[in-house]
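The values are calculated or read from the model by the stated rules, or taken from the named source; none is laboratory data. Worth saying up front: this structure is predicted, and the values here are computed from it rather than measured. We place every Cβ from the backbone using ideal geometry, glycine too, and count neighbours over all the protein chains shown.
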Amino acid sequence: MKILVTGGAGFIGSAVVREIINHTNNIVINVDKLTYAGNLESLDSIANSDRYHFAQVDICDREALDKLFTHYQPDAVMHLAAESHVDRSIDGPAAFIETNIIGTYTLLEAARHYWNSLNGEDKERFRFHHISTDEVYGDLHGTQDLFTETTPYAPSSPYSASKASSDHLVRAWHRTYGLPTIVTNCSNNYGPYHFPEKLIPLTILNALEGKPLPVYGDGSQIRDWLYVEDHARALYKVVTEGEVGETYNIGGHNERKNIDVVKTICAILDELKPNHPNGIKQYADLITFVTDRPGHDYRYAIDASKIANTLNWRPEETFESGIRKTVIWYLENQAWCRNIKDGSYARVRAGIINRSTEESKQ
Ligand SMILES: NC(=O)c1ccc[n+]([C@@H]2O[C@H](COP(=O)([O-])OP(=O)(O)OC[C@H]3O[C@@H](n4cnc5c(N)ncnc54)[C@H](O)[C@@H]3O)[C@@H](O)[C@H]2O)c1
């Protein structure tokens, strides 16, 4: 298969690209605008593969997308490109409307145009897989309820509202035009190559530098954590074996309060890095409660039984095994973190292979 992955330089997208290149014989075309969240250094381990191609393209650019579809003739699209950080969506929602809604619409139209040009088996085989979040369901207040594939949408933030909009567009393009789409909604991911603005990498890196560990409100918000490589394996299963028109919820059965996630990281660091910075006795001494995020969702929890029962997918990592692996990865990959912190990761873009060189690779 030739799989066009959008957002392949991001946190989850890069895990998907590494999964496909390392564990299958398929070809990947990574289409990424390289916003602040896109980091080609996350793909260093597979960048020299003959089966990997990169194009720096904005998914709002219809002309560029049409050229990519015509040139590469993909069998599937895995659409991950998005603005993804809730706090940024509160400070500046415009980019979320632009990429998550207009970008998804533009990509759907380019895919539809291309799909209509296919015939026979090629047309039959084509898939448009839209990767979304459980945040579209809003939040839960009881301790027992779970989000299922039929939970009504009730997004709370500009981010989740823009992702909800994109999910609706994808379903409409299936219902109205017959485009063979599949949607997945996943819980919070964590793991290697996570941009240091998100809770888990921020906690690890701040702790190592002896900086405050900010926790919103009283830290009682509950998230259902999934190790990113488990998500990547689930997504590959869905794009290759999932049923057209269906939605699959993906989750880790790992509900944790934010404060407990932070304390767990501190305890692992106490063990692995016992030379504490700034004279503190334990990393948990750095925990600092800060004013809660406006509209902060209380609890997310996923019922992932549909994907387990129909596609036989289950996460391989528990939270304990995944968080330990993640802390160790950040300890061993300080250069990746430093390049983000000092902004130099952006400069690798200056040296990227341009699209015309890429096209000659095919
Ligand atoms: N991170 C999570 O916990 C989580 C959970 C469930 C679902 N999701 C969804 O998974 C997807 C990937 O999330 P992530 O955490 O890897 O995000 P990310 O922010 O790490 O990466 C997003 C990628 O998209 C690219 N991008 C942004 N705007 C673009 C545009 N206009 N054109 C082309 N590329 C563009 C960025 O350069 C970046 O490489 C998103 O759609 C997100 O909504 C994320």
**Asked** Can you name the residue in region 1-36 that is part of a loop (DSSP other than H, G, I, E, B), modelled with pLDDT of 95 or more and within 9 Å of the ligand (Cβ to nearest atom) and is also surrounded by the fewest Cβ atoms within 10 Å (Cβ to Cβ) among such residues?
**Response** 35
**Asked** What is the residue count in region 98-141 for residues that are under 29 Å from residue 302 (Cβ atoms) and touching a Pro at 6+ places or on another chain (Cβ under 8 Å)?
**Response** 7
**Message:** So in region 37-50, with the set limited to residues that are in contact with a helix residue (DSSP H, G or I) (Cβ under 6 Å, 6 or more places away or on another chain) and under 28 Å from residue 96 (Cα atoms), which one is farthest from the ligand (Cβ to nearest atom)?
**Reply:** 41
**Message:** On the basis of being at pLDDT 95 or above and either within 16 Å of the ligand (Cβ to nearest atom) or β-branched (Val, Ile, Thr) (or both), does residue 80 make the cut?
**Reply:** yes
**Message:** Looking at (1) in contact with a helix residue (DSSP H, G or I) (Cβ under 8 Å, 6 or more places away or on another chain); (2) under 15 Å from residue 187 (Cα atoms), which one does residue 111 not meet, given that it meets all the others?
**Reply:** (2)
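So which residues in region 261-308 are charged (D, E, K, R) and in contact (Cβ under 8 Å) with a residue 40 or more places away in the chain, if there are any at all?
Keep residues of region 261-308 that are charged (D, E, K, R), which gives 263, 270-271, 273, 281, 285, 292-293, 297, 299, 303, 306.
Listed by number, the residues that qualify are 273, 292, 293, 297, 299, 303, 306.
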**Complete:** Filtering strands (runs of 3 or more DSSP E) wholly in region 215-259 for at least 3 residues that are over 29 Å from residue 287 (Cα atoms) gives 247-250
